[in-house]
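Before any comments, here is the structure.
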Amino acid sequence: MNRPVAVVLDDVFITRSSAAMFDLFDLDSVQVLRGPQGTLFGRNVTGGAILLNTRKPSFTTPEGSVSVGYGNYNAVDLNALVSGPVSDDVAAKLVVSRRSHDGYGEDRLTGRAEDDLDSTSVRGQLRARAGRVQTLFTLDYGDDHNGGRTLSSLGGGNDGNPRTSELGFPQSFTRHMAGFANNTEIDVGQGTVTAITAYRLSRSVERYSSTGTNYAFLTTGSQQMNDDADDVKDFSEEVRYTSPEWDLGTFVAGVYYLNEDASRQLGTRNYAARTGVLTTNQLANQSVGTDSISGFLDGTVNLPADVKLTLGGRYTLDQKQGNLVRTNYLAPAAGFRTGDLNSAWAQFTPRAVLSWRPVPDTMLYASMAKGFTSGGYNTEASSLAAIVTPFNPEKVTNYEVGAKTGWWDQRLTANLSLFHLDYRDKQEFVQNTVTGIGTILNAAKATSQGAELELGLHPVRGLDLTAAYSYLDTAYDDFFIARVVNNTGHPLGSSPKHKVALTANYETPVGTLGFLSGNVSYSWLDDYYTGATKSPQLFVPAYDLVNASLSFETPDRRYRLTLWGKNLFDTAFLQTPSTAGVLSEYLGPPRTYGFTLSASF
C-alpha cells in the first residue's frame with residue numbers, strides 16, 4: 001500500500017513510513033499541503049504532502065551550534081552542527097543528533113522496558129558551484145532501537161496500570177537507514193534545469209505481539225507473536241525545467257522515475273490459550289518491486305486585475321511485480337508459493353487553481369485537483385486466491401475554495417478554506433479481529449468534506465497568538481467487506497470531526513541581562529475510529545494536551561536555557577487501540593519535562 005501522504009525531504013520523495021523518521025536538528029522550513037498532490041513533489045499521492053527543507057551550507061558565513069538536553073525518564077538529547085565555506089566555491093555541513101530515554105512502560109511478566117528510545121543520526125552535505133552550475137551532495141545515516149510498545153490489556157491479565165503490558169514475550173525494534181542524494185541546478189539563461197538523484201535503503205527488524213495479553217490469561221483463541229524484518233531499497237531520478245518569472249507567468253515541466261525493491265520476512269507463531277502449545281509456526285517471504293515513471297507540467301498565467309490561473313497535470317505509469325513463499329512448519333502441505341505477480345496502472349491527474357487579489361492583503365482562490373495511488377497485492381492474505389488478486393488503485397478529486405487575508409498592517413491574519421473530496425476505490429487496511437491478518441480492501445465510494453480556520457494575532461510587541469480549528473465530515477458511501485459487513489455510512493477511519501489548536505508566545509527583554517520568553521500550546525482532538533468498522537477495538541476517545549516552555553537568552557542570542565514540559569496534565573491519551581485478540585490499549589507519551597542548554601557561534 002502506497003503512502004497517502006508524501007514526505008519530501010529536500011526535494012526527495014521518501015517512499016516508506018519506515019524510512020521517513022528523521023531527527024532534523026537543522027530544519028529550515030516545514031510546509032504542509034492538504035489534499036491530493038497530483039502534479040509536483042515526486043510521486044502521485046491522494047492525502048497531502050509534508051515538505052521538509054534543511055538549511056544548506058553557506059558559501060560565505062560559517063556557523064555552528066550545539067545543544068544538550070536532559071529530562072525525566074533519563075532522557076538525553078544531544079545535537080551538534082558545524083557548517084560553512086571550505087573555499088570560495090565549496091561549502092560543507094555536518095549534523096549529528098543523539099536521543100535516548102528510558103521506557104515509559106514495561107512488560108510486568110518479563111520486567112523488560114517498553115516504549116524506550118535509543119536513536120542516532122548523522123547527516124553531511126557538500127555544496128559546490130562553478131559558473132552557472134550549483135550542486136549539493138547529501139549523505140545521511142540513522143538508527144534507532146527500542147523495546148517495543150506497551151500494549152496494555154483491558155481484559156485477561158489486566159492489572160489496572162495502562163503503562164504495563166502482559167505479553168510475557170520480549171519485544172524489540174531496530175531500524176537502520178541510509179541515503180544519498182544529489183541536487184544539481186543549471187542556469188540555462190532562460191530558466192533553470194534541476195536534476196535530483198537519490199538512493200535510499202532501510203532495514204527494520206521487529207518482534208511484537210498484537211494479541212493484547214499472554215496466552216496464560218486467555219480462555220479461547222491464541223496469542224500471536226511475530227518476527228518481522230523489512231528491507232527497502234529505492235532509486236529515484238527527477239529532471240525538471242523551471243522557467244523564469246515572465247510577465248505572462250511561469251511554468252515547471254519534468255519527468256520522474258522511481259525504482260523500489262521491498263522484501264519482507266514475516267514469522268508468525270500462535271500459542272494456544274492457557275496451555276501455550278504452539279499451534280501455528282509459519283514463515284512468509286515476500287517481495288514487491290515497483291517501477292514508476294511520470295511526466296508533469298504545471299504553469300501559472302498572470303491575468304488582468306491581479307487574477308492568476310494555474311493549470312497542471314501529471315501522467316503516471318506504475319508497474320508492480322511481487323511474489324510470496326509461505327512455509328508452514330507444522331503443516332508443510334499448507335505452504336505455497338505464488339509465482340510471479342505482475343500488474344500495471346496508469347492515470348492522468350490534473351489540477352486547476354484560480355486566485356484573485358482584490359486588495360494586496362487578501363487572496364481568494366478556488367481549486368480542483370485529482371490524485372491517484374496505484375493498486376497492489378495483499379501478500380499477508382490467508383488464501384492464495386486473495387494474494388494473487390490485486391486491489392484497485394485509489395482515485396480522489398478535491399474541490400476547494402478559500403481566502404487568505406491580512407489585517408491591521410498584517411498584525412492579524414485570517415485564513416479560511418472549505419473543501420470536498422470524492423474518493424473512488426479508497427484503499428483501506430482492514431485487520432481481522434480474530435486472526436490478526438490485515439488486508440487492503442477498496443471502499444467503492446467515500447466522501448470527506450469540511451472547513452479549516454487559521455487565525456494569527458500580534459497585538460503588542462513580543463506577543464504572538466495563534467488559533468486553528470478544523471471541521472471534518474466523512475462517510476463511506478459504499479463499502480461492504482466480503483459482501484457481509486456493511487460499513488456504508490460509517491465515518492472514515494482516523495478522521496476526527498473536530499480539532500482545536502491554540503498557542504501563545506511572548507518575549508520580553510530583561511534589562512541588559514538578555515531576553516525571557518515563554519510558550520504555551522493547547523490542542524484538543526475529537527474522538528474517532530481508526531478503521532472503517534465501529535468496533536470498540538478501533539475507538540480512540542477525545543483528548544487534549546498542554547505543552548509549555550520558558551527560555552532565557554543572552555543579549556547576543558548565542559546562549560539559551562529552556563525549561564520545557566510536554567503533556568503537562570499527564571493525559572492518558574490513546575494512540576492505537578488493539579486490532580486483534582483481547583481488547584487492549586497503547587497510550588501516547590506521559591508527562592515529560594526537562595531542560596535544554598544551547599549555544600551557537
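The values are calculated or read from the model by the stated rules, or taken from the named source; none is laboratory data. Since this is a predicted model, take the numbers as computed values, not measurements. As a convention, Cβ positions derive from the backbone with ideal geometry for all residues, glycine included, and neighbour counts pool all protein chains shown.
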(request) Search region 5-35 for residues being among the hydrophobic types (A, V, I, L, M, F, W, C), part of a loop (DSSP other than H, G, I, E, B) and more than 30 Å from Val86 (Cβ to Cβ), and hand back the single one that is modelled with the lowest pLDDT. (result) Ala20
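Considering each residue of region 128-157, count those that are part of a loop (DSSP other than H, G, I, E, B), more than 21 Å from the chain's Cα centre (by Cα) and either surrounded by fewer than 19 Cβ atoms within 10 Å (Cβ to Cβ) or in contact (Cβ under 8 Å) with a residue 60 or more places away in the chain (or both), and give that number.
8
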(message) Anything in region 323-353 that is hydroxyl-bearing (Ser, Thr, Tyr), within 30 Å of the chain's Cα centre (by Cα) and over 13 Å from Val388 (Cβ atoms)? List them, or say none.
(response) Thr349
(request) Identify, by number, the condition in (1) closer than 24 Å to Gln575 by Cβ; (2) in contact (Cβ under 8 Å) with a residue 60 or more places away in the chain; (3) surrounded by fewer than 21 Cβ atoms within 10 Å (Cβ to Cβ) that Thr219 doesn't meet. (result) (1)
(request) Determine which single condition Leu563 fails, assuming it passes every other condition in (1) more than 30 Å from Ala475 (Cα to Cα); (2) not in a strand (DSSP E or B). (result) (2)
(message) Residue pairs, Cβ under 6 Å, 6 or more apart or interchain, first in region 463-476 and at pLDDT 95 or above, second crowded, with 16+ Cβ neighbours inside 10 Å and among the acidic types (Asp, Glu). List them.
(response) Ala468/Glu454; Ser470/Glu452
(request) For Leu563, state whether it is crowded, with 16+ Cβ neighbours inside 10 Å and among the aliphatic types (A, V, I, L, M). (result) no
(request) Consider Ser598 carefully, then state whether it is farther than 24 Å from Thr530 by Cβ and of a type in the set (S, T, N, Q). (result) yes
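Go through region 447-463 and count every residue that is of a type outside the set (S, T, N, Q) and closer than 30 Å to Phe419 by Cα.
Kept after step one, since they are of a type outside the set (S, T, N, Q), are these residues of region 447-463: 450-463.
Those still in the list that are closer than 30 Å to Phe419 by Cα too: 450-458.
Counting residues in region 447-463 that are of a type outside the set (S, T, N, Q) and closer than 30 Å to Phe419 by Cα gives 9.
Given Pro360, Pro350, Pro332, Pro304, which one is touching a residue at least 60 places away in the same chain (Cβ under 8 Å) and at negative phi?
After ruling out the rest, the residue left standing is Pro350.
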(request) Sort out which residues of region 500-554 are among the acidic types (Asp, Glu) and either surrounded by fewer than 15 Cβ atoms within 10 Å (Cβ to Cβ) or touching a Cys at 6+ places or on another chain (Cβ under 7 Å) (or both), and write them in order of number. (result) Asp527, Asp544
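Can you pull out the strands (runs of 3 or more DSSP E) entirely within region 36-127 that have at least 2 residues that are surrounded by fewer than 19 Cβ atoms within 10 Å (Cβ to Cβ)?
48-54, 63-71, 75-87, 90-101
To keep it simple, each residue is scored yes or no on (1) touching a His at 6+ places or on another chain (Cβ under 9 Å); (2) at pLDDT 95 or above; (3) over 27 Å from Ser67 (Cα atoms); (4) assigned to a loop (DSSP other than H, G, I, E, B).
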| site | (1), (2), (3), (4) |
| --- | --- |
| Thr533 | yes, no, yes, yes |
| Phe552 | no, yes, no, no |
| Asp570 | no, yes, no, yes |
| Thr576 | no, no, yes, no |
| Val582 | no, no, yes, yes |
